[in-house]
Amino acid sequence: MSTTSAASPPALSAPPSRLTIWAGRTMILIAVAHTAAFASLAPWSSWLAGDLRNRAADSDSVATFWALPGGFVVVLVLLGLLVARAGRQGQHVPGYVGGALLAWGALAVSLIGPSGFLLTAIPAGLLITANIAARRHPRGRS
């Protein structure tokens, strides 16, 4: 009696989704550009000294913290990596991810005016387009 399971035929791999891959890449690029633009303004030494923990940091320091490591940068990089990986595997993320990105960017622009949040339209548009294309041309369905 064998303890190994019968070999199953290899699954057909879907071709990469270029729109989804580029949506992930643009999210990463936006986060990196945001960090590059503002990292030099951050009072890293006072943060590492504990000024945020002991409430000695001024309001500009706190705002800069929430704009960099405490804000969307890390999450946007992680989301971008996840989305790009899904695209390389031929998968698509749900359309609501693109819609939520677009709504978030639109809300931010409505609150603070034209800014880098306008760039969220790029990955959002790519994800929405990829989702529409996937629904119109499903792969592997009969």
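From Cα pairs below 8 angstrom and at least 6 apart in sequence, can you work out the relative contact order of the chain, rounded to a whole percent? 36 percent. Quick one, which of [x] -0.34, -1.07; [y] -0.41, -1.07; [z] -0.28, -1.31 is the actual log10 I(q)/I(0) by the Debye sum over Cα atoms at q = 0.09, 0.19 Å⁻¹ calculated for this model? From the options [x] -0.34, -1.07; [y] -0.41, -1.07; [z] -0.28, -1.31, the structure gives [y].
Ordering His34, His137, His92 by the number of other Cβ atoms within 10 Å of each residue's own Cβ, fewest first, gives His137, His34, His92.
Enter the angle in degrees (range 0 to 90, nearest 10) between the Cα long axis of helix 18-38 and the first principal axis of the Cα atoms of the chain, meaning the one along which they spread out most. For helix 18-38, the angle is close to 10 degrees. For segment 25-110, trypsin sites (Lys or Arg not before Pro) are listed when DSSP marks them as loop and at most 12 other Cβ atoms sit within 10 Å of their Cβ; the list is Arg53, Arg55. From the Cα gyration tensor of segment 52-106, with a ≥ b ≥ c the square roots of its eigenvalues, which class applies: rounded if a/c is under 1.5, or else prolate if a/b is larger than b/c, or else oblate? Prolate shape, in that a/c is at least 1.5 and a/b is the bigger ratio.
Charge dipole of the chain (Cα centre as origin; +1 on each Lys and Arg Cβ, -1 on each Asp and Glu Cβ, all else neutral): 780 debye, rounded to the nearest 20.
What 222 nm value per residue comes from the helices of the chain, counting each DSSP H run with n ≥ 4 as -39,500 (n - 2.57) and dividing by all residues, nearest 500 deg cm²/dmol?
Numbers: 6 runs with 85 residues, N = 142.
Calculated mean residue ellipticity at 222 nm is -19500 deg cm²/dmol.
Other residues whose C-beta falls under 15 angstrom from the C-beta of Val83 contribute a net charge of +4, scoring Lys and Arg +1 and Asp and Glu -1.
None of the figures in this text is laboratory data; all of them are computed from the coordinates on show. Remember, predicted model here, so these are calculated numbers, not experimental data. Note: ideal-geometry Cβ built from the backbone for every residue, glycine included; neighbour counts use all protein chains shown.
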